[in-house]
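Visitor: Take a look at this one; I'll ask things after.
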Amino acid sequence: MAVAQNVVKAPIDHNMSHWQERVDLAASFRWTARLNLHEAVANHFSLSVNDDGTQFLMNPNQVHFSRIRASDLLLLDANDPATLEGPDAPDPTAWGLHGAIHRHCSHARCAMHVHSIFATVLASLADSTLPPIDQNTAIFFNRVVVDDSYGGLAFEEEGERCAALFADPSKKVMVMGNHGIMVIGETVAETFNRMYYFERAAETYIRALQTGQKLRLLSDEIAEKTASEIEDYPGQADRHLAELKAILDEEGSSYAS
């Protein structure tokens with residue numbers, strides 16, 4: 001009589017390089033999808049994992065954010081010209097944009113690019129600046145660069161042009177005119193938190209414009225004070241991501257696998 005064979009799946013290798021970074025980045029993909037800030041399989045996040053920032057994790061080519069797991073993330077080298085030649089090559093526009101950022105902007109350890117609705121509406125206006133009309137919009141006072149020279153899909157030449165706009169480390173958000181946004185930061189938690197609040201700020205501004213009423217603008221002094229106070233506020237970004245991971249864990253999500 002045949003003896004039944006137990007099929008044992010190979011466990012996830014939690015000794016895979018940069019595991020905690022992978023888990024954090026995977027959680028940010030899952031929650032971005034839940035908030036509907038993504039766009040089908042077209043957007044991308046990356047995170048540097050070496051000292052000079054040139055080696056980075058990034059989502060695999062055209063996988064939906066709601067399915068990305070820590071073990072799925074690609075480990076890429078921004079200085080490797082053969083990156084697009086392998087079987088697991090990243091999306092060419094993701095490589096063009098994020099590869100350039102990680103080659104030239106060592107302060108941009110994490111980079112998140114989305115076509116979220118309200119930020120993209122802002123990017124579509126003739127004047128894409130975000131005025132300080134409430135606490136959330138004030139967070140970004142003097143901390144945003146607007147790209148008004150969209151040049152098509154972000155292949156390598158366009159990626160290089162965009163990366164050059166992040167030369168000033170104080171500018172942590174790029175409103176990519178006619179395109180979307182790119183948000184940078186030191187960690188996944190910081191960058192995700194900034195991306196979340198920028199979308200909320202853009203929504204407040206766009207909805208305020210829709211009323212047709214005159215806007216109540218904060219003074220430059222109060223806007224800068226608010227932005228500085230938020231930057232110095234202890235632990236908010238870390239707690240935000242930790243809570244999101246706790247929710248995902250309670251739901252039995254596979255993000256950390």
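The values are calculated or read from the model by the stated rules, or taken from the named source; none is laboratory data. Computed from a predicted structure; not experimentally measured. No Cβ is skipped: glycine too gets one built from the backbone with ideal geometry, and neighbour counts run over all protein chains shown.
Visitor: Identify the residue in region 94-147 that is within 30 Å of residue 18 (Cβ to Cβ) and among the polar types (S, T, N, Q) and, among all such residues, is modelled with the highest pLDDT.
Guide: So the residue we want is 116.
Visitor: Sticking with this structure for a sec: Cβ-Cβ below 6 Å, separation at least six or inter-chain, first residue in region 238-257 and of a type in the set (Gly, Ala, Ser), second not in a helix (DSSP H, G or I): which pairs?
Guide: 254/69; 257/12; 257/69
Visitor: Which ones in region 32-57 are in a helix (DSSP H, G or I) and out of contact with any Lys or Arg (no Cβ under 9 Å at 6 or more places or on another chain)?
Guide: 32, 34
Visitor: A further question on this structure: Report whether or not residue 154 is over 19 Å from residue 39 (Cα atoms) and not polar (S, T, N, Q).
Guide: no
Visitor: Hey, any hits in region 180-193 for a residue that's over 28 Å from residue 78 (Cα atoms), aliphatic (A, V, I, L, M) and touching a helix residue (DSSP H, G or I) at 6+ places or on another chain (Cβ under 7 Å)?
Guide: No, region 180-193 contains no residue that is over 28 Å from residue 78 (Cα atoms), aliphatic (A, V, I, L, M) and touching a helix residue (DSSP H, G or I) at 6+ places or on another chain (Cβ under 7 Å).
Visitor: Considering only region 214-257, state which residues are part of a helix (DSSP H, G or I), over 19 Å from the mean Cα position of the chain (by Cα) and basic (Lys, Arg).
Guide: Once the filter is applied, which keeps residues that are part of a helix (DSSP H, G or I), over 19 Å from the mean Cα position of the chain (by Cα) and basic (Lys, Arg), region 214-257 yields only 225.
Visitor: Which residues, counting only those in region 44-65, are crowded, with 23+ Cβ neighbours inside 10 Å and either free of Cβ contacts under 8 Å to residues at least 12 places away in the same chain or touching a strand residue (DSSP E or B) at 6+ places or on another chain (Cβ under 7 Å) (or both)?
Guide: 44, 45, 46, 47, 48, 56, 57, 59 - these are the residues of region 44-65 that are crowded, with 23+ Cβ neighbours inside 10 Å and either free of Cβ contacts under 8 Å to residues at least 12 places away in the same chain or touching a strand residue (DSSP E or B) at 6+ places or on another chain (Cβ under 7 Å) (or both).
Visitor: Go through region 216-257 residue by residue and tally those that are surrounded by fewer than 13 Cβ atoms within 10 Å (Cβ to Cβ) and farther than 23 Å from residue 140 by Cβ.
Guide: 5
Visitor: Pick out the one residue from 187, 211, 204 that is without any contact (Cβ under 8 Å) to a residue 24 or more places away in the chain and β-branched (Val, Ile, Thr).
Guide: After ruling out the rest, the residue left standing is 211.
Visitor: Taking region 197-215, which residues are under 30 Å from residue 20 (Cα atoms) and crowded, with 21+ Cβ neighbours inside 10 Å?
Guide: 197, 198, 199, 201
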